[in-house]
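The values are calculated or read from the model by the stated rules, or taken from the named source; none is laboratory data. Here the structure is a predicted model, which means the values were calculated and not measured. Here the Cβ is made from the backbone with ideal geometry for all residues, glycine too, and neighbour counts use every protein chain on show.
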Amino acid sequence: MTVVLETRGLLKRFGGITPTNDVSIQVERGARRALIGPNGAGKTTLINLLTGVLEPTAGTIWLDGQDITRLAPHKRVRRGIVRTFQINQLFSELTPLQSLALSVSARLGVSAQWWKPLGSDPRVAPICDTLLRQFHLDDVMNQQVKHLAYGKRRLLEIATALACEPRVLLLDEPVAGVPEGERQEIFDIVNALPAHVSVLLIEHDMDLVFNFAKSVTVLVNGAVFAEGDVESISNDPRVKAVYLGEGEVAHG
Amino acid sequence: MSAAAGLKWAARWRWWEGALLLALLASWLLLPSHALLLNEIAILALFALSLDLILGYAGIVSLGHAAFFGFGAYAAALVAKLVMPDPWVGMLVAITLAAVLGAVCSLLILRGSDLTRLMVTLGVALILYELANKLDWLTGGADGLQGVVMGPLLTPLGAFDFDLAGRTAYAYTLVVLVLCLYVARRLVHSPFGYSLQALRDNRLRAASIGLSVNARLIAVYTIAAAIAGAAGALQAQTSGFASLDVFDFHRSAGVMLVLVIGGTGYLYGGIFGAIVFTLLKEAVSAWTPQYWNFWLGLFLVVLVLVGRERLIRPWAWFKP
């Protein structure tokens, strides 16, 4: 198994709080990994560290064997680390079509073109067509994002990330607020990603986690508490005690 | 509709864009006696277009945009006085120098909040104002730069002298305005232009799709400064004069008002705003020379409270 993304002794401190405490994980090529843990376990902080939104206090992050700890966020995206956000982060004045076309252009390295119109690169429009259809956005593709219903915006949130053609996709509670019936659909699209794409998923819905993931990392209090395949984690009594055994799992 | 068609549709030419172009041309042909006023409007429109690029598209607020306007004005005037009187050469030098100044100043607006940017841009304009005041051996200080004589305007149709009625001047300004408008239009419909809107709406996400926010901000600030410099150069060249007034705060605030009137983020707000602003100022000050500021102020208050959309669509007032 080739390791694509790796952290070594990653540590983040905010004053007296340590949301990420000596985390060393390895994400293999093509992994379908879930990142679970109780609220406040440091899952989102870890994603923020991996994508460069936050800078670690100590430790290093490696992509394809190269140290990217100090690399700017947008450069990590160009190397293939792409994320979605727990709370939608969209371009409210643009349309879904323009948002996706811009993301695809950025991926293709033509986003700095300033003389030709958006979409003049012939590779852009077909990719947008596919994404708009997959995510049921084709009927609203020319409406401004701020006028879209929440469900559509959530779909656009995921579609925007996929438009960047990730090699490592970090999904931060992708189906939060999505109606029950449409959740599986989003996961079907993620499942259909090419086999070489690694997916790291934060999710509270254990049914979805155990359906989707092949391996699981459990974070507790910022540190790796347990790691293993779905089978062993779901049967691990310690994990049950800190997390699964708490009865109704809170969202947030 | 397919994605390709949708993207083309967004960049299509609207009928009123053509109508506006025709109206500009017609104004030169049909209103020769008002060329001086029209010239003033066109220069203000170009200046406002420049601010719209950074304010309306990239979301950078500025209370010191006159810094680039004034820099361009002095640069063009000094070229004419000290080097050579050709207007095109002066224009190119002014644009280049204003762009360099813009690139340097852009480093100041990358960080901080809107309030920080208001203060920093205001500060830069104040510094340049005071520099122009102190360097009187070069700029003429508070007396202004006298003795700027422009050479004839060389065109493919022949050479034209700047006349007192301002017809050559207005034609020159119109050509520069339309050229800049065309460049700006290409720009805002390009991936670069959309990435400006993206970072205006959400910087975090813009970086998360792989856009370099800082590189974009530096580029657009430089381009906007260059266009403001062109407007300043037009002002100095068509009036044959540059004074401290070009750096003044009221000019930075005035161009902001023009965009408040005309609207931001669709390129033409500066033109409509400049027309309304200047004509209103002319009309009210002819009617009541002492109190025109009062009426202009009242208009702005009403405009902002009622909303531009509702003010230009009075028939919609009585709809339930």
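Please find, among B:Leu174, B:Leu196, the residue that is crowded, with 22+ Cβ neighbours inside 10 Å, assigned to a helix (DSSP H, G or I) and at pLDDT 95 or above.
Checking each option against the conditions leaves just B:Leu196.
Does segment B:272-320 hold any residues that are of a type in the set (Phe, Trp, Tyr) and loosely packed, with under 15 Cβ neighbours inside 10 Å, and which are they?
The answer is B:Trp287, B:Tyr291, B:Phe294, B:Trp315, B:Trp317, B:Phe318.
Given the conditions (1) part of a helix (DSSP H, G or I); (2) surrounded by fewer than 18 Cβ atoms within 10 Å (Cβ to Cβ), report the number of the one that B:Gly229 does not fulfil.
Among (1) part of a helix (DSSP H, G or I); (2) surrounded by fewer than 18 Cβ atoms within 10 Å (Cβ to Cβ), B:Gly229 violates only (2).
Name the one entry in B:Thr155, B:Thr121 that is surrounded by 13 or more Cβ atoms within 10 Å (Cβ to Cβ), out of contact with any Asp or Glu (no Cβ under 9 Å at 6 or more places or on another chain) and closer than 19 Å to B:Leu53 by Cα.
B:Thr121
Among the residues of segment A:38-58 satisfying the criterion of being modelled with pLDDT under 95 and under 27 Å from A:Ala192 (Cβ atoms), which is surrounded by the fewest Cβ atoms within 10 Å (Cβ to Cβ)?
A:Thr44
Just to be sure, is B:Ala274 assigned to a helix (DSSP H, G or I) and either over 23 Å from B:Ala19 (Cα atoms) or within 14 Å of chain A (Cβ to nearest Cβ) (or both)?
Considered against the rule, which asks whether it is assigned to a helix (DSSP H, G or I) and either over 23 Å from B:Ala19 (Cα atoms) or within 14 Å of chain A (Cβ to nearest Cβ) (or both), B:Ala274 comes out as no.
Being at pLDDT 95 or above, in contact with a Gly (Cβ under 6 Å, 6 or more places away or on another chain) and at negative phi narrows it down to one residue among B:Gly90, B:Gly56, B:Gly102; which is it?
One residue alone meets the criteria, B:Gly56.
Can you tell me which residue in segment B:253-279 is farthest from B:Tyr194 (Cα to Cα), limited to those that are under 10 Å from the mean Cα position of the chain (by Cα) and small (Gly, Ala, Ser)?
If we take residues in segment B:253-279 being under 10 Å from the mean Cα position of the chain (by Cα) and small (Gly, Ala, Ser), then B:Ala274 is farthest from B:Tyr194 (Cα to Cα).
Any residue at all in segment A:172-181 that is under 17 Å from the mean Cα position of the chain (by Cα) and within 14 Å of chain B (Cβ to nearest Cβ)?
So far as segment A:172-181 goes, yes, one or more of its residues are under 17 Å from the mean Cα position of the chain (by Cα) and within 14 Å of chain B (Cβ to nearest Cβ).
Would you pick out the residues in segment B:1-54 that are of a type in the set (D, E, K, R) and either within 14 Å of another protein chain (Cβ to nearest Cβ) or over 13 Å from B:Leu174 (Cβ atoms) (or both)?
Listed by number, the residues that qualify are B:Lys8, B:Arg12, B:Arg14, B:Glu17, B:Asp52.
Kindly provide the set of residues from segment A:101-136 that are facing another protein chain (nearest Cβ under 8 Å), within 20 Å of B:Val213 (Cα to Cα) and surrounded by 24 or more Cβ atoms within 10 Å (Cβ to Cβ), ordered by number.
A:Ala101, A:Leu102, A:Ser103, A:Ser105, A:Ala106, A:Ser111, A:Leu118
Give, as residue ranges, the strands (runs of 3 or more DSSP E) completely inside segment A:7-99 that count at least 1 residues that are more than 14 Å from every other protein chain (Cβ to nearest Cβ) and not small (Gly, Ala, Ser).
A:17-23, A:26-28, A:32-36, A:58-63
Can you tell me which residue among B:Ser252, B:Ser195 is away from every other protein chain (no Cβ under 14 Å), closer than 30 Å to A:Phe91 by Cα and not hydrophobic (A, V, I, L, M, F, W, C)?
B:Ser252
In segment B:198-225, how many are facing chain A (nearest Cβ under 10 Å) and farther than 17 Å from A:Ser99 by Cα?
Count: 5.
Cβ-Cβ below 8 Å, separation at least six or inter-chain, first residue in segment B:96-112 and over 18 Å from B:Leu53 (Cβ atoms) and assigned to a helix (DSSP H, G or I), second of a type outside the set (Gly, Ala, Ser) and modelled with pLDDT of 95 or more: which pairs?
Between residues of segment B:96-112 that are over 18 Å from B:Leu53 (Cβ atoms) and assigned to a helix (DSSP H, G or I) and residues that are of a type outside the set (Gly, Ala, Ser) and modelled with pLDDT of 95 or more, the close pairs are B:Leu97/B:Phe71.
Taking A:Arg83, is it of a type in the set (Lys, Arg) and more than 27 Å from B:Leu7 (Cα to Cα)?
no
Could you please give the count of residues in segment A:207-232 that are of a type in the set (A, V, I, L, M) and either out of contact with any Phe, Trp or Tyr (no Cβ under 9 Å at 6 or more places or on another chain) or modelled with pLDDT under 85 (or both)?
The total comes to 5.
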